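K.L.:
Quick one: this structure, given as structure tokens, is what I'll be asking you about.
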Amino acid sequence: MLETIQHFTDILQSFNLGALEWVLIMLCGILIGATKTGLSGAAFIVVPTMAMIFGGQPSTGLLLPMLIMGDIFGVSYYNRHANWKYVLKPIPWAFAGVVIGVMIGNQVSGEIFTTLIAITIIMGVVLMVWQDNRKNQITVPDYWWFSAIIGIIGGFSTMIGNSAGPIMSIYLLTMYLPKNMFIGTKAWFFMIINVTKVPFHVFSWNTIDLRTFAFDLAVLPAIVIGAFIGVRVVKLIPEKGYRILVIVTTVVACIIMLTR
């Protein structure tokens, strides 16, 4: 038992992280847990933060198991609210987007990959602002081509930068789903997509192994805390003010990524 603990400690120390970096990582874990249980938008801060600490492509491999852990909490709590029609319609197209992301990810350097993540996030921020300003005017019909567009863009974005949240939010908002159904449907969609991304990270990008999984286990307590917070306070935070805060901090983080 002591040898196992020591081995686990040695793995964590091999990342050569300082105290401030660990604080930021644990904060990311809390935000992931909170996001997956209803505090939509918080994960926007997580992606650029992890990319700044670990680099573009490696950060996606470290993040993916953390996101799946958060997905498990989201699915467990909101499972009964999911609308499977809107979970399944974009899924095949999202798979295609994931494959496109894998192909592009294998052909670019770490610096370009980080830039792609930043650009993808900024696109998501623009879409979120557009969504907030026009959500009462959106009249996109429930056609297959709309699900296809959303699925491909979402699959691509989630593969290269785990940043498809706003895109999926727009899709679900156009369907005028009730709040709990919105959260439950989104939770199941990302649970399915994130699990299917694991083999690509393991066998193609080589960004997930036992070492990264041990790291993610160390962050699990923070994810649990975040999930608990998300469930408890999702109804208490003013949505508009919260989104403005997330947008501002995300844009600042992306600017740092693009100029470092």
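The values are calculated or read from the model by the stated rules, or taken from the named source; none is laboratory data. Remember, it's a predicted structure, so these values are computed and weren't measured experimentally. Note that each Cβ is placed from the backbone with ideal geometry, even for glycine, and that neighbours are counted across all protein chains shown.
K.L.:
Go through segment 146-156 residue by residue and tally those that are in contact with a Gly (Cβ under 7 Å, 6 or more places away or on another chain) and of a type outside the set (Phe, Trp, Tyr). Talk me through it step by step, then tell me what you get.
P.N.:
Going residue by residue through segment 146-156, those that are in contact with a Gly (Cβ under 7 Å, 6 or more places away or on another chain) are 151-156.
Cutting the leftovers down to of a type outside the set (Phe, Trp, Tyr) gives us 151-155.
Here the count works out to 5.
K.L.:
Restricting attention to segment 230-246, and to residues there that are crowded, with 18+ Cβ neighbours inside 10 Å and at pLDDT 85 or above, which single residue is nearest to the chain's Cα centre (by Cα)?
P.N.:
Going through the qualifying residues, I end up with Gly230.
K.L.:
If I ask for residues that are assigned to a loop (DSSP other than H, G, I, E, B) and hydroxyl-bearing (Ser, Thr, Tyr), which ones from segment 28-50 would you list?
P.N.:
Thr37, Ser40
K.L.:
Could you give me the residue pairs with C-beta distances under 6 Å whose first residue belongs to segment 166-186 and is under 19 Å from Val47 (Cβ atoms), whose second residue is of a type in the set (D, E, K, R) and part of a helix (DSSP H, G or I) wherever it lies, and which are 6+ apart or on separate chains?
P.N.:
That search, which allows pairs on different chains as well, returns Met168/Lys186.
K.L.:
Then there's this: Would you mind stating whether Ala43 is under 14 Å from Ala164 (Cα atoms) and not β-branched (Val, Ile, Thr)? Give the derivation first.
P.N.:
Numbers: under 14 Å from Ala164 (Cα atoms): yes; not β-branched (Val, Ile, Thr): yes.
Yes: the conditions hold for Ala43.
K.L.:
If you check Ile25, Ile53, which single one turns out to be in a helix (DSSP H, G or I), without any contact (Cβ under 8 Å) to a residue 60 or more places away in the chain, of a type outside the set (S, T, N, Q) and farther than 18 Å from Val198 by Cα? Step through it out loud before you land on a result.
P.N.:
Values: Ile25 fails: without any contact (Cβ under 8 Å) to a residue 60 or more places away in the chain.
Residue meeting the stated conditions: Ile53.
K.L.:
If Gly184 meets every condition in (1) surrounded by 15 or more Cβ atoms within 10 Å (Cβ to Cβ); (2) closer than 18 Å to Gly101 by Cα apart from one, which number is that one?
P.N.:
Status for Gly184: all satisfied but (2).
K.L.:
Within segment 63-97, which residues are small (Gly, Ala, Ser), buried (at least 19 other Cβ atoms within 10 Å of the Cβ) and part of a helix (DSSP H, G or I)?
P.N.:
Of everything in segment 63-97, those that are small (Gly, Ala, Ser), buried (at least 19 other Cβ atoms within 10 Å of the Cβ) and part of a helix (DSSP H, G or I) turn out to be Gly70, Gly74, Ala94, Gly97.
K.L.:
While we're looking at this one, here's another question. Which is outside any helix (DSSP H, G or I) and either modelled with pLDDT under 70 or not aliphatic (A, V, I, L, M) (or both), of Thr249, Thr207, Thr212?
P.N.:
Thr207
K.L.:
Also, I was wondering about something else. Looking at (1) surrounded by fewer than 20 Cβ atoms within 10 Å (Cβ to Cβ); (2) touching a Cys at 6+ places or on another chain (Cβ under 8 Å); (3) of a type in the set (Val, Ile, Thr), can you tell me which one Val202 breaks?
P.N.:
With (1) surrounded by fewer than 20 Cβ atoms within 10 Å (Cβ to Cβ); (2) touching a Cys at 6+ places or on another chain (Cβ under 8 Å); (3) of a type in the set (Val, Ile, Thr) applied to Val202, the lone miss is (2).
K.L.:
On the basis of being surrounded by 17 or more Cβ atoms within 10 Å (Cβ to Cβ) and at pLDDT 70 or above, does Ile100 make the cut?
P.N.:
no
K.L.:
Now a separate question. I'm checking my understanding of the structure. Among residues of segment 30-49 that are in contact with a Phe, Trp or Tyr (Cβ under 8 Å, 6 or more places away or on another chain) and not charged (D, E, K, R), which one is surrounded by the most Cβ atoms within 10 Å (Cβ to Cβ)?
P.N.:
Top of the filtered list is Gly33.
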